[in-house]
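Since the structure comes first, as structure tokens, the remarks are kept for the end.
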Amino acid sequence: GNATISNDGATIMKLLDVVHPAAKILVDIAKSQDSEVGDGTTRVVLFAGEFLKEAKPFIEDGVHSKSYT
């Protein structure tokens, strides 16, 4: 195997071989950010990961994204 050492989020995300659907979305987010802006890939992945973490309890409780009170 080859080893890559980088502090560039885009480089790291491109090298990942992911199968989990949520992880694939994070990789796609990083690729989109890199192609559109060229910077900030780590930041958008961290933000998206935090959003997913905060949404998880609601998803597990069966709360629909279109729920109204």
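Carbon-plus-sulfur accessible fraction, the stretch 9-61 (probe radius 1.4 Å, protein heavy atoms only): 61%.
Straight-distance candidates among the lysines for linking to Lys66, with alpha-carbon spacing under 23 Å and chain neighbours fewer than 8 residues away dropped: Lys53, Lys56. The convex hull drawn around the Cα atoms of the stretch 9-61, when projected onto a plane and averaged over every direction, covers 3.6 nm². Between the listed residues Ala55, Gly38, Ala3, the Cα displaced farthest toward the positive end of the dipole of the chain, a dipole computed from Cβ unit charges relative to the Cα centre, is found at Ala55. Derived scalar couplings between HN and Hα for the stretch 40-57 equal x, 5, 4, 4, 5, 5, 5, 4, 4, x, 5, 4, 5, 4, 6, 7, 3, x Hz in order, rounded to whole Hz, by the Karplus curve 6.51 cos²θ - 1.76 cosθ + 1.60 (θ = phi - 60°), x for Gly and Pro.
The values are calculated or read from the model by the stated rules, or taken from the named source; none is laboratory data. Just so we're clear, the structure is a prediction, and the values are computed from it rather than from any experiment. No Cβ is skipped: glycine too gets one built from the backbone with ideal geometry, and neighbour counts run over all protein chains shown. Note: accessible area is taken over every heavy atom of the protein model, side chains too, but ligands, DNA and RNA are not part of it. Shrake-Rupley method; radii C 1.70, N 1.55, O 1.52, S 1.80 Å.
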